[in-house]
Each structure stands twice: as structure tokens, then as C-alpha cells.
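Visitor: What follows is a single structure, and I will ask about it in a moment.
What follows is calculated from the coordinates using simple rules that are stated; it is not laboratory data. All values reported here derive from a predicted model rather than from experimental measurement. Counting neighbours? That spans all protein chains shown, and the Cβs are built from the backbone with ideal geometry, glycine included.
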Amino acid sequence: MEKVLLRLGFTLTDVPDSHLCCGSAGTYALTHPDLARQLRDNKMNALESGKPEMIVTANIGCQTHLASAVVPLCVTGLKF
């Protein structure tokens, strides 16, 4: 995945403790939710420490679990 992103012109940054799990690990987030949230929060802190424009993963489990830590943006003043 890194080679593809580099070919597309993205700049990649090193992540502290990149070897550590996000806490999803298959059913782990379901069977151990409190510990999984702690692992997720630790991973998000590491990922966000470099102030990235975006965070990319090739693993759908990681994507879903990490996304659960993100507060959606609320845009006010829109008219429909």
C-alpha cells in the first residue's frame, strides 16, 4: 500500500509505535470492548501526533474501529 500511495504523490509519515494493534483484531473489539477502546485511543493518539491530513488503512476492521473514535464534523447554517 505504501508504494501505491507514494506513486500517487502522497507524502507518508512515520507513526510512533506503528507495530501496535488498533484494538479491532477480528472479534476482539466485541469480546473486550473496554480494552479495545483503550487500544484504539492509543493508536489514534499515535496516528494524529504527526498532524496528518488523512489517515489511510488497507484493513476494513481497522478502518471501522478507528472511525468509531472520530467525532463527525457538524456543519451549521446549511439550508435545504
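Visitor: Considering (1) in a loop (DSSP other than H, G, I, E, B); (2) in contact with a His (Cβ under 7 Å, 6 or more places away or on another chain), say which one Cys21 fails and leave the rest.
Guide: (2)
Visitor: Oh, and also: Show the residue pairs meeting these rules: Cβ distance below 8 Å; 6+ apart or different chains; first residue within the stretch 39-54 and of a type in the set (Asp, Glu); second residue surrounded by 12 or more Cβ atoms within 10 Å (Cβ to Cβ).
Guide: What qualifies is Asp41/Ala69; Glu48/Ile55.
Residues checked against (1) over 22 Å from Val4 (Cα atoms); (2) β-branched (Val, Ile, Thr); (3) touching a His at 6+ places or on another chain (Cβ under 8 Å):
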| position | (1), (2), (3) |
| --- | --- |
| Ala29 | yes, no, yes |
| His32 | yes, no, no |
| Met44 | yes, no, no |
| Ser49 | yes, no, no |
| Pro52 | no, no, no |
| Ala58 | no, no, no |
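Visitor: Within the stretch 56-66, which residues are assigned to a loop (DSSP other than H, G, I, E, B) and either in contact with a strand residue (DSSP E or B) (Cβ under 8 Å, 6 or more places away or on another chain) or closer than 23 Å to Thr27 by Cβ (or both)?
Guide: Correct list: Thr57, Ala58, Asn59.
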